[in-house]
Amino acid sequence: MTADVWLPFPADDIAGLPEGLAYHFWDGAPDFPADPADCAFYVVPYMKGPEIAVRPMPRMRSVQVVQTLSAGVDHVQGGLGDLRPGVRLCNARGVHEASTAELTLALILASLRGIPGFVQGQQQEEWRSGFYPALADKSVLIVGYGSIGAAIEDRLAPFECARVARVARSARTTERGAVHPLDELPRLLPEADVVILSTPLTEATRHLAGADFLARMKDGALLVNVARGGVVDTKALLTELETGRIRAAVDVTDPEPLPAGHPLWHAPNLLISPHVGGSTSAFEPRAKRLLAGQLTKFAAGEPLDNVVLTTE
């Protein structure tokens, strides 16, 4: 029998797909394109939320691979318990690094240099001159040093930062220097002018940036979150922002989307972008190349890239 593949793009729009597979287009519509029980390779619709992502999974009795188009996989975790043992979960490593790193630098520079205030000044015909912080000579801490964290550091290189420190789940050494384990955060946080969160959302990182984490940041420091909203304790962040002691620039929030009337909308010293780190013109060509490569390997029975876990 021909294996069914569910794609969030029409198959005709993806160059290099292997023959011999039955491709079905599903981007989260109410009706499924085929019987979920026959799906062997499920590509999760992008940015449609956990409810849609997991909806067909309880009926996917034959699925062998679940492929996300995001770097994080937290939105499908709730459906993994419905799958049979041996299903490989793959993420989209290699798709979002460039775009997310670009936005990270944009958030840092916009916040430090006062760009939101300039926009307000333009609207009100006010000339808001003065001295503003520069990224040059700042100490930066990257919390979550995977491929996105490394891409962020690549783009920091020309900005003449005084220091870049790196933190991940476990210690290691890279070409750029040491990566510190998470338990060294209490020592590293007070030294950083800019703290960047680019870690996956797991039980270990949920509310990682809580009251104690934020209290250890130096006065005037900038917190940048391009990870997941749940990595930050929203209540604790609001408390710190309202004192004016630190600033923040976030691409993700908890809750998300941020509802009208939520206090984050009007919190002082906060810049918000609406989870657009990976949603750029760079996404689609990279995502399609990833899918063509993964499905070519799948059809040939070869090992897949980006396997995050295998269900038990």
**OP:** Just give me the residues in the range 229-244 being within 19 Å of the chain's Cα centre (by Cα) and surrounded by fewer than 24 Cβ atoms within 10 Å (Cβ to Cβ), in sequence order.
**Re:** Gly229, Gly230, Asp233, Thr234
Original post:
Tell me, which residue of the range 5-18 that is touching a residue at least 24 places away in the same chain (Cβ under 8 Å) and surrounded by fewer than 17 Cβ atoms within 10 Å (Cβ to Cβ) is farthest from Ala287 (Cα to Cα)?
Top reply: Pro18
Original post:
Residues in the range 137-144: is at least one part of a strand (DSSP E or B), within 25 Å of Thr234 (Cβ to Cβ), in contact (Cβ under 8 Å) with a residue 12 or more places away in the chain and in contact with a Gly (Cβ under 9 Å, 6 or more places away or on another chain)?
Top reply: yes
**OP:** Restrict the check to the range 99-106 and report whether at least one residue is of a type outside the set (Asp, Glu), in contact with a strand residue (DSSP E or B) (Cβ under 8 Å, 6 or more places away or on another chain), in a strand (DSSP E or B) and in the same structural domain as His266 (by TED's automatic domain parsing).
**Re:** no
Original post:
Does Pro255 satisfy the condition of being out of contact with any helix residue (DSSP H, G or I) (no Cβ under 8 Å at 6 or more places or on another chain), more than 30 Å from Gln64 (Cβ to Cβ) and without any contact (Cβ under 8 Å) to a residue 60 or more places away in the chain?
Top reply: no
Original post:
Within the bounds of the range 147-165, is there any residue that is in the same structural domain as Glu102 (by TED's automatic domain parsing), part of a strand (DSSP E or B), buried (at least 18 other Cβ atoms within 10 Å of the Cβ) and touching a residue at least 12 places away in the same chain (Cβ under 8 Å)?
Top reply: yes
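Residue-by-condition table, conditions (1) part of a loop (DSSP other than H, G, I, E, B); (2) loosely packed, with under 13 Cβ neighbours inside 10 Å:
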position: Pro255; (1), (2): yes, yes
position: Gly261; (1), (2): yes, yes
position: Gly277; (1), (2): yes, no
position: Pro285; (1), (2): no, yes
position: Arg289; (1), (2): no, no
position: Val308; (1), (2): no, no
Original post:
Restricting the search to the range 47-91, which residues are among the acidic types (Asp, Glu) and over 16 Å from the mean Cα position of the chain (by Cα)?
Top reply: Glu51, Asp82
Subject >> Conditions (1) of a type outside the set (Phe, Trp, Tyr); (2) more than 22 Å from Pro200 (Cα to Cα); (3) in contact (Cβ under 8 Å) with a residue 60 or more places away in the chain; (4) surrounded by fewer than 22 Cβ atoms within 10 Å (Cβ to Cβ): number failed by Val65 >> reply: (2)
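Residue under question is Ala34, and the condition is that it be under 29 Å from Ala98 (Cα atoms) and assigned to a loop (DSSP other than H, G, I, E, B); does it hold? Please lay out each step first, then the result.
On the way: under 29 Å from Ala98 (Cα atoms): no; assigned to a loop (DSSP other than H, G, I, E, B): yes.
For Ala34, the condition - under 29 Å from Ala98 (Cα atoms) and assigned to a loop (DSSP other than H, G, I, E, B) - is not met.
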Subject >> Pick from the range 178-199, criterion of a type outside the set (A, V, I, L, M, F, W, C) and within 18 Å of Asp251 (Cβ to Cβ), ranking: surrounded by the fewest Cβ atoms within 10 Å (Cβ to Cβ) >> reply: Thr199
**OP:** Name the one entry in Val195, Val179 that is closer than 23 Å to Asn269 by Cα, under 21 Å from the mean Cα position of the chain (by Cα) and outside any helix (DSSP H, G or I).
**Re:** Val195
Original post:
Going by the conditions given, is Thr202 of a type in the set (Ser, Thr, Tyr), part of a strand (DSSP E or B) and surrounded by fewer than 20 Cβ atoms within 10 Å (Cβ to Cβ)?
Top reply: no
**OP:** Return yes or no: is Gly49 touching a His at 6+ places or on another chain (Cβ under 8 Å) and in the same structural domain as Lys297 (by TED's automatic domain parsing)?
**Re:** yes
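The values are calculated or read from the model by the stated rules, or taken from the named source; none is laboratory data. The shown structure was predicted, so the numbers you read here are calculated from the model rather than taken from an experiment. Please note: Cβ atoms are built from the backbone with ideal geometry, for glycine as well, and neighbour counts cover all protein chains shown.
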